[in-house]
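The values are calculated or read from the model by the stated rules, or taken from the named source; none is laboratory data. In this text the structure is predicted, and so the values were computed from the model without any measurement. We place every Cβ from the backbone using ideal geometry, glycine too, and count neighbours over all the protein chains shown.
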Amino acid sequence: MAKWAELTQSPRIVKEFVIPKCSSKAFLLNKGQVLRVTASEGKQVADIRFLNAHDYREQFTATNSVSLNTIESIGGRKKIKKLYSKPPWQNVMLTVIDDPVGVHLPGSQCLPKSYELMGQAGHLSCTDLFDECLKPYHLSMRDLDSAGVFNVFMAVTYRDDENGTMVFQRPSCEQGNYIDFLAEMDVLVAATSCPNDSIINDYQCKGMKYQILEQ
Ligand SMILES: [Zn+2]
């Protein structure tokens, strides 16, 4: 895929910020703008949700997007090109236009229950962080699709056992790697720098850089 930056000569940076380690932020992305997410501090995953800015009920669905991209032969469990909203809407909310790494996990975020089951009850989770950053928009996890997360740079493999057990791997990125999303509608973005200090973030939580770009 040709790089978007090459196609558009020099995109203008409208906004640029870092979401520091173990924190989150919600912000608006307008139709036609590009969101670039960069592993600016090294191996780290970002959990990102997308909601229609004008109707928060319409949200990105990871599970349905994996099947729809599979049917279209443009994606699967590791990467997707079109980010669909859940039914009944089923609209393409964003398109991935540049993805040099190409290994992610469309799925969900870490849960308080996950840490509890691992003997770390009370550990900060992306669930807590989504609740926190969406407060100004009067939204909480109760309003969100449980399978509505694009885990940027999250890498997993599956064992060839009877359960198809998922095995977490180090993040797929190296420092400086990025992914570009083109907004096909006005979206509210909620993003976390995942606070999981296991192999998922290479045993050290880091921040990530976000840029909003325009032609
Ligand atoms: Zn997390």
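Here is how the numbers come out for the structure above:
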quantity: So ARG159, is it of a type outside the set (Gly, Ala, Ser), modelled with pLDDT under 95 and more than 16 Å from the ligand (Cβ to nearest atom); calculated: no
quantity: PHE181, sole failed condition from (1) closer than 20 Å to CYS22 by Cα; (2) more than 11 Å from the ligand (Cβ to nearest atom); (3) under 18 Å from the mean Cα position of the chain (by Cα); (4) surrounded by 15 or more Cβ atoms within 10 Å (Cβ to Cβ); calculated: (1)
quantity: Any hit, the stretch 73-86, residues being at positive phi and either within 16 Å of the ligand (Cβ to nearest atom) or acidic (Asp, Glu) (or both); calculated: no
quantity: Positions within the stretch 97-128 being surrounded by 18 or more Cβ atoms within 10 Å (Cβ to Cβ), part of a loop (DSSP other than H, G, I, E, B) and either within 13 Å of the ligand (Cβ to nearest atom) or of a type in the set (Asp, Glu) (or both), in sequence order; calculated: ASP99, SER108, GLN109, CYS110, LEU124, SER125
quantity: Long-range neighbours under 8 Å by Cβ, at least six apart or interchain, first residue at positive phi and of a type in the set (D, E, K, R) within the stretch 188-203, second modelled with pLDDT of 95 or more and more than 10 Å from the ligand (Cβ to nearest atom); calculated: ASP202/GLY42; ASP202/LYS43; ASP202/GLN44; ASP202/ARG170; ASP202/PRO171
quantity: Members of the stretch 154-208 found to be within 24 Å of ASP131 (Cβ to Cβ), assigned to a strand (DSSP E or B) and of a type in the set (S, T, N, Q), listed by number; calculated: THR192, SER193
quantity: Check on LYS78, touching a Pro at 6+ places or on another chain (Cβ under 7 Å), more than 17 Å from LEU134 (Cβ to Cβ) and at pLDDT 95 or above; calculated: no
quantity: Positions within the stretch 184-198 being within 13 Å of the ligand (Cβ to nearest atom) and not acidic (Asp, Glu), in sequence order; calculated: ALA190, ALA191, THR192, SER193, CYS194, PRO195, ASN196, SER198
quantity: Set SER24, SER40, SER108, SER73: member being over 20 Å from GLU174 (Cα atoms) and over 13 Å from the mean Cα position of the chain (by Cα); calculated: SER73
quantity: Set MET154, MET166, MET208: member being among the hydrophobic types (A, V, I, L, M, F, W, C) and free of Cβ contacts under 8 Å to residues at least 40 places away in the same chain; calculated: MET166
quantity: Enumeration of residues in the stretch 1-30 that are part of a loop (DSSP other than H, G, I, E, B) and modelled with pLDDT under 95; calculated: MET1, ALA2, LYS3, THR8, GLN9, SER10, PRO11
